[in-house]
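The values are calculated or read from the model by the stated rules, or taken from the named source; none is laboratory data. No experiment lies behind these values; they were computed from the predicted model shown. Here the Cβ positions follow ideal geometry from the backbone for every residue, glycine too, while neighbour counts run over all protein chains shown.
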Amino acid sequence: MKAPAKLSYALVAACLAAILSAWSIHKRYEIESENRAVSLAAEYETIESLAAAQSLPMDRALVDLRAQGLSSVVLSEETIGELIADGKASLEPYVDLTEPASVGGGPHIKLYPLALRVGDTGSLRRIQRGLKIRFGDLAMNLAVKGELVQLPAVSPQLIRTTSIGLNPDQAQVAATGGMSVIARFINPGGITKQGIYDTLEWARELGAKVFLPQGDEVLGRRDSLPDTIDALHRMGMFYASAEFAKIAGDTEMVEQAPDLVIRLHAAQTAELDKLTPVDAIDRYTRAARERNMRILLIRPISFSGPLGPLGELDDFVKKIADGLLAKGNTLGFPHGYSEPGIPRLFFPILGLLMCPVIWFVGAAFVESRPIRIAGGVLLVLLAGACVTRHGPPLMALLGSMAFPIFAFLMLDEFLKKRNSASLTNVVAAFWIVSALSLTGGLCVAGMLNGLDYYVKAKEFPAIKVAEFAPIILVGLFYFLRLTDWRGAMKSPITWGASLTGLLVGAALAFMWLRTGNDSGVGPSGGEMVFRNQLDRWLYVRPRTKEFLVGHPFLIVAIGMLARAVQPDTAAKRPAFACWIVLMLMIGAIGQTSIVNTLCHLHIPVVLSLARDVEGLVLGCIIGVVVWVVIKRPILRTEA
């Protein structure tokens, strides 16, 4: 197995693809730069409870929080059951004495199931409106006599759970305090298209700008989600998609209406309780800066302290606001993202420029000329399909795997020509490999550039495959290139080789579990402490597997490979070739991670690029130090 000839053609195409991708990424940067405003929000009930504990009126509490940076409050819908629980209404039988007397004397009494006695006209109007939204025609002609309102012939439980919208008094206090309103509603069973529209219109009348689902389902779930989207568009309202929340219908809402989406981050009290105040602040600021969360729903980190219950929340909000400002965000009401305005013709052109790299990588493993020709034709057709919405994800997937492998093919060619294990050659080879891998990441980011990716309605496909396939193929290429693999396959397995294989397999399995947009395996406590320190020391935290593992191992592997390809060591190459292959595979972890970083398309592209560059610089420094220390002993062993 060997690399195909004329790799220079693919190298030129890669450079042109990088330039074209940079233009696309610049358009994405402009969109992201226009949407840096973050709204700090808190739940109305929480603020009211803390203010009461500190003997402060609600309007004063909102003024204080506004001064610290809070700009939104979350109002949840109220129900008839809550009015009853608060003593503002009561259920009782409804008797109508207005009908004529029955035969045999005495009045004809018509007994309806239930009526509701309400103490004030404001609540009465809310109840009437809520019943009409919930029950439609059943509630269109309900009689009202003084404080008594007739109820539809439904069960008491349905009556109690009927929404009566947001509390208008709370909405008025929020508006007076300069706060935007985020409205929360459940999804009542059987709600109609008109009911959805009336619910959101009612919220908009009270000043709501954002709809946030309450409970387990989005309003309108399932078949009426298009009606919810239409109503939000007509109301000029946004949809808040809560990060990490498992809400039925949220995925569909984000996919079908990405222009309405504002992503929201919240932390439960139980989660905050496990964090130090500094880490809790970092959690919120990182969510906004690194994952484009534009609403931060803040819950108290302490319900007591020297500043008082509300004072502690004031202080927490201020520190989060200061952290956001220090990281380049602004405070204010956010808006949705827009399309970057990239012409559709751009994507097939970029796909065509990626084709030579993908083809050359495939040709390195397939020597059959007919298969190579067929593969080239298919790649050109796929590039043409990038004019549609279905072609770019597949082309990006192929590119994400091909560019890191191509980088290692170029490494082989580079070291053949240099024929030296000098530090200068080793470092130069490292940066060539890394630049080509970074080019792959740029092509992915340039190809998958659109509103759907900004709000995570779409994600990079098969991210685990893209990260692990190059590692395996790089190992296969160099194993066949450097070793007597036929003889090795016939040789007995030693205990050392078995143990090494188990360790490598376990490490790859752990990486597999940790890889992905939503990995199910989180970092340990010690790792979190280390990450937090890196976040504080550096512009952005580089990925540990890059600067502490992949890049240092790659520099050492390049040094050993540079020595191995020299004529005077060719005869001894099998003695240490397997170790070179293993270290190149570990080095490939860092290279695939470079591409993987830019595959997280909901993260600001500037941060992804900065993360890659910081990882490369730190990893290069560590690798050079390690190579300088171990170079002589290794070369003496090989001699």
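You will find that of ILE320, ILE295, the residue that is touching a Phe, Trp or Tyr at 6+ places or on another chain (Cβ under 7 Å) and hydrophobic (A, V, I, L, M, F, W, C) is ILE320 and no other.
Please work out if LEU166 is modelled with pLDDT of 95 or more, surrounded by 19 or more Cβ atoms within 10 Å (Cβ to Cβ) and in a loop (DSSP other than H, G, I, E, B). When the stated conditions are applied, LEU166 passes them.
The residues of segment 264-274 that are surrounded by 16 or more Cβ atoms within 10 Å (Cβ to Cβ) and over 18 Å from ALA457 (Cα atoms), listed by number, are ALA266, ALA267, LEU272. Scanning segment 259-310 for residues that are small (Gly, Ala, Ser) and either assigned to a helix (DSSP H, G or I) or over 23 Å from LEU331 (Cβ atoms) (or both) turns up ALA270, ALA280, ALA287, ALA288, SER304, GLY305, GLY308.
Is one or more of the residues making up segment 339-358 closer than 17 Å to ALA10 by Cβ, touching a residue at least 40 places away in the same chain (Cβ under 8 Å), among the aromatic types (Phe, Trp, Tyr) and in a helix (DSSP H, G or I)? Scanning segment 339-358, I find no residue that is closer than 17 Å to ALA10 by Cβ, touching a residue at least 40 places away in the same chain (Cβ under 8 Å), among the aromatic types (Phe, Trp, Tyr) and in a helix (DSSP H, G or I), so the answer is no.
Against the test of being within 30 Å of THR285 (Cα to Cα) and not basic (Lys, Arg), the options GLY341, GLY391, GLY375 yield a single qualifying residue, GLY341.
Annotation note: of ALA421, ALA385, the sole residue that is in contact with a Lys or Arg (Cβ under 7 Å, 6 or more places away or on another chain), of a type outside the set (Val, Ile, Thr) and outside the structural domain of TYR239 (by TED's automatic domain parsing) is ALA421. Pairs linking a residue in segment 259-288 that is without any contact (Cβ under 8 Å) to a residue 60 or more places away in the chain to a residue that is of a type in the set (Gly, Ala, Ser) and part of a helix (DSSP H, G or I), with Cβ atoms under 7 Å and 6 or more positions apart or on different chains, are HIS265/ALA287; LEU272/ALA280; ILE281/GLY323; THR285/GLY323. None of ALA363, ALA321 is over 29 Å from GLY440 (Cα atoms) and of a type outside the set (Asp, Glu) except ALA321. Among the residues of segment 566-576, some residue qualifies, meaning at least one is touching a Gly at 6+ places or on another chain (Cβ under 9 Å) and at pLDDT below 90.
Of all residues assigned to segment 298-309, none qualifies as being of a type in the set (Gly, Ala, Ser), touching a Ser or Thr at 6+ places or on another chain (Cβ under 9 Å) and under 23 Å from SER39 (Cα atoms). The residue list GLY441, GLY362 contains one member that is buried (at least 17 other Cβ atoms within 10 Å of the Cβ) and at pLDDT 95 or above, which is GLY441. Looking for something in contact with a His (Cβ under 8 Å, 6 or more places away or on another chain), among the aliphatic types (A, V, I, L, M), under 30 Å from ASP612 (Cβ atoms) and buried (at least 22 other Cβ atoms within 10 Å of the Cβ) - is there at least one such residue anywhere in segment 319-327? Checked against the condition, which is being in contact with a His (Cβ under 8 Å, 6 or more places away or on another chain), among the aliphatic types (A, V, I, L, M), under 30 Å from ASP612 (Cβ atoms) and buried (at least 22 other Cβ atoms within 10 Å of the Cβ), segment 319-327 yields no hits at all. Within segment 609-624, the set of residues being closer than 13 Å to GLY441 by Cβ and crowded, with 22+ Cβ neighbours inside 10 Å comprises ARG611, ASP612, GLY615, LEU616. In segment 318-331, the residues that are touching a residue at least 60 places away in the same chain (Cβ under 8 Å) form Cβ pairs under 6 Å with partners that are of a type in the set (D, E, K, R), at six or more places apart or across chains, as follows: ASN329/ARG36; THR330/ARG36.
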